[in-house]
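Everything on this sheet refers to the single structure shown next.
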Amino acid sequence: MINRLAPLALKVNGATHLVSAAADTPLLCLLRNDFALNGPKFGCGLGECGACTVLLDGVPTRACVTTAQVAVGREITTLEGLGTRAALHPVQQAFVEEQAAQCGYCLNGMIMTAKALLDRDPQPSVATIQRELSRNLCRCGTHVEIVRAVQRAAELLAARDGARA
Ligand code: FES
Ligand code: FES
């Protein structure tokens with residue numbers, strides 16, 4: 001069967017774009033190839049490692065096994081939608097401060113999953129952080145620094161939100 005191209009409206013990082021793609025195109029391919037958003041990484045391509053994680057309506061979602069059609073009508077947030085190089089999001093800032101990377105390949109998924117966790121639970125326990133990130137694989141073994149980074153992110157967010165109040 002031939003999968004025909006069709007115009008799909010995708011809302012990515014707050015802006016809606018029309019792309020021409022087969023409905024079953026993996027969202028990750030569109031984000032990286034059509035939108036030049038290379039925060040989400042291609043790791044396993046099987047939904048197993050978490051390197052490709054984006055938020056769909058705030059929920060961590062594996063873009064390699066999510067079709068473009070599923071993402072239509074949803075808010076898609078990628079790493080690029082969090083902060084900028086000049087103004088990092090507190091979660092990104094915390095990962096830098098805690099030096100929570102070796103190769104950095106897993107960090108997109110770690111940061112996006114941590115962002116969603118902290119949106120739901122601003123003061124997660126270590127056990128909760130470990131559980132939430134347990135399906136994001138890090139081949140470099142920087143798990144201790146990553147957990148510390150999420151704890152620091154919680155502190156930075158609390159300080160930011162306190163300053164705004
Ligand atoms: S690349 Fe998507 S889960 Fe591994
Ligand atoms: S820092 Fe290399 S995979 Fe996590």
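The values are calculated or read from the model by the stated rules, or taken from the named source; none is laboratory data. Bear in mind that the values here come from a model prediction, so they are computed numbers and not experimental data. Counting neighbours? That spans all protein chains shown, and the Cβs are built from the backbone with ideal geometry, glycine included.
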Single residue of 32, 85, 74 found to be at pLDDT below 95 and of a type in the set (D, E, K, R): 85
With 55, 37 as the choices, which residue is closer than 20 Å to residue 103 by Cα and more than 13 Å from ligand 1 (Cβ to nearest atom)? 37
Enumeration of residues in segment 39-69 that are in a loop (DSSP other than H, G, I, E, B), in contact (Cβ under 8 Å) with a residue 24 or more places away in the chain and among the small types (Gly, Ala, Ser): 39, 43, 50, 51, 58
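Would segment 106-129 turn up any residue that is within 16 Å of ligand 2 (Cβ to nearest atom), of a type in the set (D, E, K, R), over 15 Å from residue 41 (Cβ atoms) and not assigned by TED's automatic domain parsing to the domain that holds residue 31?
No - not one qualifying residue is present in segment 106-129.
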Name the single residue that is nearest to residue 159 (Cα to Cα) among those in segment 70-97 being assigned to a helix (DSSP H, G or I) and free of Cβ contacts under 8 Å to residues at least 24 places away in the same chain. 92
Please find, within segment 115-152, the residue that is farthest from residue 99 (Cα to Cα) out of those that are within 16 Å of ligand 1 (Cβ to nearest atom) and touching a Phe, Trp or Tyr at 6+ places or on another chain (Cβ under 9 Å). 139
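Every residue, every condition in (1) surrounded by 17 or more Cβ atoms within 10 Å (Cβ to Cβ); (2) more than 11 Å from ligand 1 (Cβ to nearest atom), yes or no:
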site: 11; (1), (2): no, yes
site: 16; (1), (2): no, yes
site: 31; (1), (2): yes, yes
site: 44; (1), (2): no, no
